[in-house]
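The values are calculated or read from the model by the stated rules, or taken from the named source; none is laboratory data. Bear in mind the structure is a predicted one, so any value in this text is a computation, not a measurement. Note: ideal-geometry Cβ built from the backbone for every residue, glycine included; neighbour counts use all protein chains shown. Accessible surface is based on the protein model in full, side chains and every heavy atom, while ligands, DNA and RNA are left aside. Shrake-Rupley method; radii C 1.70, N 1.55, O 1.52, S 1.80 Å.
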Amino acid sequence: MYRVELSRHDGGVLHQQIAEACADYASAEAALAAVLPKAKRCAEKSRQALWLRIYDERSRVVFGTLLP
């Protein structure tokens with residue numbers, strides 16, 4: 001299972017900004033496909049950079065990107 005975390009560039013976690021970020025996914029690709037479009041819009045609306053990270057079942061980061 002994979003989970004998503006969306007946080008501000010300064011490290012503050014954004015809880016429930018995007019409902020899809022609260023779900024568990026079968027693959028990192030599925031998580032990215034579900035969350036990325038809304039995360040981009042959230043970053044644009046807030047006018048601040050956001051980190052999007054995907055974690056595996058052992059809480060290791062398997063993907064991370066900074067959304068400008």
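Here are the numbers:
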| read-out | value |
| --- | --- |
| Sulfur and carbon atoms: percent of accessible area, the chain [1.4 Å] | 50 |
| Rounded to the nearest 20 debye, dipole of the chain from Cβ charges on Lys, Arg, Asp, Glu | 260 |
| Rg(Cα) / (2.2 N^0.38 Å) computed for the chain, rounded to two decimals | 1.00 |
| Helix 28-46 vs. the chain, principal-axis angle (Cα, 0 to 90°, nearest 10) | 10 |
| Amide hydrogen neighbours beyond the local backbone of H9, cut-off 5 Å, H modeled | A49, W51 |
| Charge sum, other residues only, whose C-beta stays under 13 Å from R53's C-beta, Lys/Arg counted +1 and Asp/Glu -1 | +1 |
| Total formal charge among the other residues, if their Cβ is under 12 angstrom from that of Y25, Lys/Arg +1 and Asp/Glu -1 | -4 |
| Calculated [θ] (222 nm, deg cm²/dmol) that DSSP helices of n ≥ 4 give over the chain, each run adding -39,500 (n - 2.57) | -9500 deg cm²/dmol |
| Accessible area of the chain divided out per residue, in Å², using a probe of 1.4 angstrom | 65 |
